[in-house]
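Below: one structure, written as structure tokens.
The values are calculated or read from the model by the stated rules, or taken from the named source; none is laboratory data. Because the structure is predicted, anything quoted here is derived from the model rather than measured. Heads up, the Cβs are rebuilt from the backbone with ideal geometry, glycines too, and the neighbour counts pull from every protein chain shown. In case anyone asks, the SASA skips ligands and DNA or RNA and just uses the protein heavy atoms, side chains included. Shrake-Rupley method; radii C 1.70, N 1.55, O 1.52, S 1.80 Å.
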Amino acid sequence: MQVSLLQCQSSRKPAENLAFIQQQLKQLPRQPEQPQLVVLPECALLFGGHEGEQLAWSAADAPLDLIAELAALACQYQVYLVGGTVPVASGDGRVYSRSILFDDQGCEVGSYDKLHLFDVDVSDNTGSYRESDTFCGGDHLTVLPTPFGQLGLTVCYDLRFADLFRALRLQGAELIVVPAAFTKVTGAAHWEVLLRARAIESQCYLLAAGQWGAHNQGGRETWGQSMIIDPWGRVLAQQASGTGWVQAPIDLSLVAQIRQDMPVCQHNRFAAPQLLPLQPK
């Protein structure tokens, strides 16, 4: 079975971003009659912009129904599609950053709302990031059955929270996706080491699709380096820069073998992590 990550350089213009993704899907290298899992990066259809734009695109009267557009792509190209993230109204004047898995008929299998919001200071042109001004944190974990194995969903900054990945493993995850838009500064310092650590700790495949390059006339810079990592922590495929596909086969028997040889879940003497309620902003 093969998985494919699309590294993007998305903008604030959803129609243009959709056109790029469709063009790439037309060219997707694939094996005939084999199921295909495609993972898009965080904010694949709408990157950046004022919070009002995120709210506008989450509204029922938005110029495009972003979720319907992703479902149509999954159906047209007959791929299982993790649609990066899309803004979905939370009811408090903000939006959820929602990652949705569609099957190859365009039906929604399940979804996940980003738990951890990027409220940090970074030494780059933006300086201060406050996702919680625009986004609302989620309240649940998601592991979904697929032809590729049990698929756990995370988004970007979630990567820094090992308890989430342990919790997904305990819920049965064999593969974990990480749609992301890591900043250039934090990506250079931490991206690969965090991904490999999470793969080794959870004994899961990590499928990390990233944004890359300068966005919106240089207002933001992202790191890229989309990666597929096996449960032993080996990098199977990556793309440091530019846009395009990152592909590798996956083998669930390797997951089972590693877990049998090194049964860290049985050996762990610490209590299982519990998701705490979201604190009021």
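Worth pointing out:
- Residues in the range 66-90 that are among the aliphatic types (A, V, I, L, M), in contact with a helix residue (DSSP H, G or I) (Cβ under 9 Å, 6 or more places away or on another chain) and surrounded by fewer than 18 Cβ atoms within 10 Å (Cβ to Cβ): Ala89 only.
- Every condition in (1) more than 19 Å from Gln225 (Cα to Cα); (2) buried (at least 22 other Cβ atoms within 10 Å of the Cβ); (3) under 16 Å from the mean Cα position of the chain (by Cα) holds for Leu141 except the one numbered (2).
- Only one of the numbered conditions (1) within 26 Å of Asp230 (Cβ to Cβ); (2) surrounded by 20 or more Cβ atoms within 10 Å (Cβ to Cβ); (3) not hydroxyl-bearing (Ser, Thr, Tyr) is not met by Gln2, and that is (2).
- Test: residue in the range 149-171 that is more than 14 Å from the chain's Cα centre (by Cα) and of a type in the set (Asp, Glu): yes
- Selected residue [buried (at least 24 other Cβ atoms within 10 Å of the Cβ) and over 19 Å from His116 (Cα atoms)] from Ile228, Ile200: Ile228
- Of the residues Ser4, Ser99, Ser11, the single one that is touching a Phe, Trp or Tyr at 6+ places or on another chain (Cβ under 7 Å) and farther than 27 Å from Leu141 by Cα is Ser11.
- A single entry from Phe135, Phe165, Phe118, Phe182 fulfils the requirement of being open to solvent by less than 10 Å² (accessible area, probe 1.4 Å) and either touching a Ser or Thr at 6+ places or on another chain (Cβ under 9 Å) or of a type outside the set (Ser, Thr, Tyr) (or both): Phe165.
- Of the set (1) under 14 Å from the mean Cα position of the chain (by Cα); (2) assigned to a strand (DSSP E or B), all apply to Val88 but (1).
- Unique residue being among the β-branched types (Val, Ile, Thr) and out of contact with any strand residue (DSSP E or B) (no Cβ under 7 Å at 6 or more places or on another chain) when the list is Ile258, Ile228: Ile258
- Count of residues meeting criterion [within 23 Å of Thr222 (Cβ to Cβ), charged (D, E, K, R) and modelled with pLDDT under 95] in the range 43-70: 2
- Among residues of the range 247-259 that are within 30 Å of Gln27 (Cβ to Cβ), those with a beta-carbon under 6 Å from a residue that is open to solvent by 50 Å² or more (accessible area, probe 1.4 Å) at least six positions away or on a different chain give the pairs Ala248/Leu236; Ile250/Met1.
- Test for Trp223: is it open to solvent by less than 20 Å² (accessible area, probe 1.4 Å), free of Cβ contacts under 8 Å to residues at least 60 places away in the same chain and not aliphatic (A, V, I, L, M): no
- Residue in the range 91-114 that is modelled with pLDDT under 95, at positive phi and either open to solvent by 30 Å² or more (accessible area, probe 1.4 Å) or not in a loop (DSSP other than H, G, I, E, B) (or both) present: yes
- Total residues in the range 269-281, condition surrounded by 12 or more Cβ atoms within 10 Å (Cβ to Cβ) and free of Cβ contacts under 8 Å to residues at least 60 places away in the same chain: 0
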